[in-house]
Structures are given as C-alpha cells and as structure tokens.
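Heads up, the thing below is written out as structure tokens.
The values are calculated or read from the model by the stated rules, or taken from the named source; none is laboratory data. For clarity, every value in this text was computed on a predicted model and none was experimentally measured. All Cβ positions, even for glycine, are placed from backbone atoms using ideal geometry, and neighbour counts span all protein chains on display. With ligands, DNA and RNA removed, areas are computed over all heavy atoms of the protein, side chains included. Shrake-Rupley method; radii C 1.70, N 1.55, O 1.52, S 1.80 Å.
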Amino acid sequence: IALSEEERCLLEDERILDLLSVWRNIEIEDISSGKRSVNCTDEEFRFFYKVKYFFDINDSDHSGVELMYLQAVYDVVNSAYMCKIEDSFTFAALQLQQKYGNYQPKISESVVKGSTALYLPERTLTEQQESHVITEVMKIYRQLRDMNQMEAMLSYIDFVKLFPSYGCSYFFALPTNCKSWPTEIALAINNEGIHIVDNYTKEYIEEFKYNKILTWGHSPNQFVLAVGTLRESKKLTFKSVDGKEISDTLHAYV
C-alpha cells in the first residue's frame, strides 16, 4: 500500500525482499534529486496483512475471530462501509469495550479525546464536534458493561456483516452490453456473489448470487460473465484490466 492510499495484493511470484530493494532504490533516488530529506522517516510504501477472502468463522476459532475483527475495525475507520453516524458511535463503543473493558468515568473519555480517528470514520469526525462525538460514544459504551472481549469482537463483526458491501473486493469496469447500467461501474465480489455498483453514487444496482452464475472468462482487457439458468442465460461483458484477479476471486469463493 502507498501513502496515496493506492493498494494492491502481492502477486504469487513477487518476492518481498525484491520489493523492499525497489522501494529502497526509489528512496535513494528521491534523496539524490532533493525530493526528500536524508532525515525523513516517512515511508512511501508499506506492507499490510489484510483479509482477502471473507468466509464465516466459527466462534470457537479465537484467532480467526480476532483477525476478522481487526479487519472490520480497519474497514470501518477507513470508511470502507457507508455507515450512519449513529452506527459509527456504536462501533466505537464496541471497540473501546473490547480494548479497555468496562467504562470508567473520566479515564475512558480521556483515552478517546484527541484519538477519535482511531475509532470513527473520517466522515463522522468532519460532520460532528469532537465533544458531541465523545458524549454519544460514552452513552453507548456505558451500556456494554460486563461484555467480555470475545463478545465485543463478535458483536462488532455481526454488525459489520449487515452492510451489503461487507467483505467486498472492488474492481473498476465498463459494461459493454447493458445499456440500463451506468457507463462506469464497480464489480463488488464477496462470499454472497457479484454486486453491480454505480461507481459514482455507490448505489447497489443488481446482484448475482453464485447459484445464478454459470461461468466466466477473461482476456487482458475484458471480463465476461454468464448468468441465469441452463435454460435461460445471458452474457455480460465488461472492459477491465483486472480480468484475471476478478476470475481468481470468483474461483476462490465458488
């Protein structure tokens, strides 16, 4: 992931040490050209371990639950889900309960003050005063008394799962044979199927469950999807440079 927030998965044949070497060479070139200071410690690129495929995890799998919880927190705080402001307060309260246990007057509020970006999406913070945000979060936090860490994580995950976009991988595409759709869409793929999303409004236009997906294929600049039944099917074609990754993601879930 780059600091510009552009990110991609490592390819199977990519070696981490090779990438580190490339990044180091870029850093040296930037220092030589005066684009950055020798004493600058900011990283232009960094590695993240993230959940790629979202499957249901058994509640007894504590490590699995924790991993899914950490990914859910990351996605909520980084606005991957368009949650209501009131919902973001609940998410923040559950995160506090998981991390610090029961609400404690003064101590709990001081922990959040100045660090709200660790618990809430940017949209919430730009539309609400910090004092109001903290007050609302604490109201909910107090009600979570005696909820243990595992219960808080499971509640957080269950809440996130209510979003239709939960666990989706997004791929930009241009539909070529469906005039009723916008000219630019995103193919959002998760363990439920493929969602057609308006690239601008983020509105979910249509969904194809896996039991309605017959087959698919790709070329360097195109992705093709056949949906329907064996008796009645239709072929959808898209211009996309991500055909192989779309295909691999579908194959993993199916």
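This structure gives volume of the Cα convex hull per residue in Å³, computed directly, and of (i) 138; (ii) 251; (iii) 183 that value is listed as (iii).
Ligands, DNA and RNA are left out, and with a 1.4 angstrom probe the accessible area of the chain is 63 Å² per residue. For the chain, the longest principal axis of the alpha carbon atoms and the long axis of helix 16-33 meet at an angle near 80°. At 1.4 Å probe size, with the rest of the protein present, what percent of the exposed accessible area of the chain is carbon and sulfur atoms? Summing carbon and sulfur atoms, their accessible area is 51 percent of the total for the chain. Note on the chain: helix-only mean residue ellipticity at 222 nm, from DSSP H runs of 4+ residues weighted -39500 (n - 2.57) and normalised by residue number, equals -12000 deg cm²/dmol. The trypsin sites (Lys or Arg not before Pro) found in the stretch 168-254 that occupy coil by DSSP, while having at most 10 further C-beta atoms within 10 Å, are LYS179, ARG231.
Note on GLU29: accessible area is roughly 120 Å² with a 1.4 Å probe, heavy atoms of protein only.
In Å, what Kirkwood hydrodynamic radius results for the stretch 116-254 from the alpha-carbon pair distances?
This gives a value of 17.7 Å.
Within the stretch 51-143, the trypsin sites (Lys or Arg not before Pro) that combine a DSSP coil assignment with at most 15 other C-beta atoms in a 10 angstrom radius are LYS52, LYS84, LYS106, LYS113.
Computed from Cα atoms, the angle from the helix 130-143 axis to the main principal axis of the chain rounds to 90 degrees. Across the stretch 111-118, computed HN-Hα scalar couplings (Karplus, 6.51 cos²θ - 1.76 cosθ + 1.60, θ = phi - 60°) run 5, 7, 4, x, 10, 4, 5, 7 Hz from first to last residue, x flagging Gly and Pro.
Which whole-number percent is the relative contact order of the chain (Cα, under 8 Å, 6+ apart)?
13
Placing +1 on the Cβ of every Lys and Arg and -1 on the Cβ of every Asp and Glu, with no other charges, gives the stretch 75-148 a dipole of roughly 260 debye about its Cα centre. Helix 149-160 axis versus longest C-alpha principal axis of the chain: approximately 40°, rounded to the nearest ten.
Note: the stretch 48-184, Cα convex hull, 137 Å³ per residue.
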